[in-house]
1. Around A:A86, with a cut-off of 12 angstrom between Cβ atoms, what is the net charge of the other residues, counting Lys and Arg +1 and Asp and Glu -1?
2. Cβ under 14 Å from C:N27's Cβ, C:N27 left aside: what net charge do those residues give with Lys, Arg +1 and Asp, Glu -1?
3. What pairs in A:K70/C:K97; B:K55/C:K113; A:K95/B:K133; B:K133/C:K113; A:K70/B:K133 have C-alpha atoms more than 27 Å from each other?
4. Residues with beta-carbon under 15 Å from that of A:M68, excluding A:M68: net charge, scoring Lys, Arg +1 and Asp, Glu -1?
5. Neighbouring Cβ atoms within 10 Å as the yardstick, rank B:Y88, B:Y122 fewest first.
6. How long is the gain from B:R38 to B:D96 if the chain were fully straight, where each residue apart is worth 0.36 nm and the alpha carbon distance is subtracted?
7. For chain B, set up a Gaussian network in which alpha carbons nearer than 10 Å are linked by springs, and say which option among B:A124, B:A34, B:A95 fluctuates the most.
8. How many angstrom lie between the C-alpha centres of the stretch C:108-127 and the stretch B:40-79?
Amino acid sequence: MSGQGIEAIGQQLRMVRPEDASNIRDGFDQVPGIDEGSLSETEQVGFSDALTAAVDDAATRGHDAHEMMKDFAAGRLDDLHGTMIASEEAGISVKLVGSIRDKLLDAFQELWRINV
Amino acid sequence: MSVPGIFSALEVAGSGLTAERGRMNVIASNLANARTTRTAEGGPYKRLDPVFEAKSLAPNAFDPVMRNVHKVEIGRVERSDEPGQLIYDPEHPDADEAGYVEMPNVNVVTEMVNLMTASRAYEAGVTSIESIKSMASAALRIGR
Amino acid sequence: MDIIGTISPLTQAMDFHLARQNLLTANLAHVDTPGFRARELYRVDGFGGALEVAMQATDERHIAGSGSSAEWKVDIDPHASVGPNGNSVDLDREAVKVASNNLRYDALSTMVKGSLQGLRWAAQNGR
């Protein structure tokens, strides 16, 4: 789990880009100026799903990592390097979710500027 | 000291070092006097044996760990009254009427083995202290 | 993502391993004491379960990590064989325990440091 976890997190971080802001549908009801018809079905749905999946995955990883640390603390687990990596993963997951939130806010503000 | 922490552990480890060093001093005395046939009290040198005792760090503490952690001390140094070997040597200044000299009851081989054991135990104490220092350093790194 | 909920079990585990270090150090110091029995520190698991529930009820004392010894137990080590003079301390066995206990404590302290850094980051980067 450990080493692959960090790689997967890196993949997801790369997926979240501000340029994708114009493709956001969920929660942004009135967005005049963007012709929704010009976007294909898959492009419109894909990004928000990917976003949700990324946040869920980061949250799950963080939760799993914390469970692993608690097990190690209670003496139920003997895996030293796995737990140390999980500890780092937990920190990275927090920052990943924060980073996703930041980029989402940036994207929203950009759209808001287009509106006005 | 009311909780089992770094400083209580250091005190225990330190007591081990002191006790083993005390034992090494006694062994040194035995070895140095392995052939002393006349002491100030008269008679040959008699072997000394240190007796180690366990002393609780905090016998009245509320914390059960503190009650059960024991320092080690040399409680007393016993003099062995076992008779030593009798050597037939009429020319010896300390020979008795029959020409026998009573040697000290020190067995050099036993004393050397004890010295090695004490030395090993001393090193174990040093290892204990290194380990405790490592834990203290790890705790100090939390804030850095 | 439950950073605060993880720190308390970590610090309590650190308290446990530090207390255990005291007992193991004493074992090593008494390798030559006649009649001395090697001791061990055990977690009382039944208590551990009850403590878990109490922490979820957000009792402030538990978040503070009081490290009370109510959930630990000191006992004579049953696996240490007794020698001729009543002493049951095996130098090598105890030395190995000292090393592994040290390792666990160091690992836990690193995890605590990481968790605290995560908390600090979250506190500084709220928008």
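Computed from the coordinates by the stated procedures, all read-outs in this text should not be read as laboratory data. This one's a predicted model, so the numbers in the text were calculated from it and none came from an experiment. All Cβ positions, glycine included, derive from the backbone under ideal geometry; neighbour counts span all protein chains shown.
1. That sum, taken over residues with Cβ under 12 Å, equals -4.
2. -1
3. B:K55/C:K113; A:K95/B:K133
4. Taking every Cβ under 15 Å from that of A:M68, the sum is -4.
5. If I rank by nearby Cβ atoms, fewest first, I get B:Y88, B:Y122.
6. 19.7 nm
7. B:A95
8. Taking the Cα centre of the stretch B:40-79 as reference, the centre of the stretch C:108-127 is 48 Å away.
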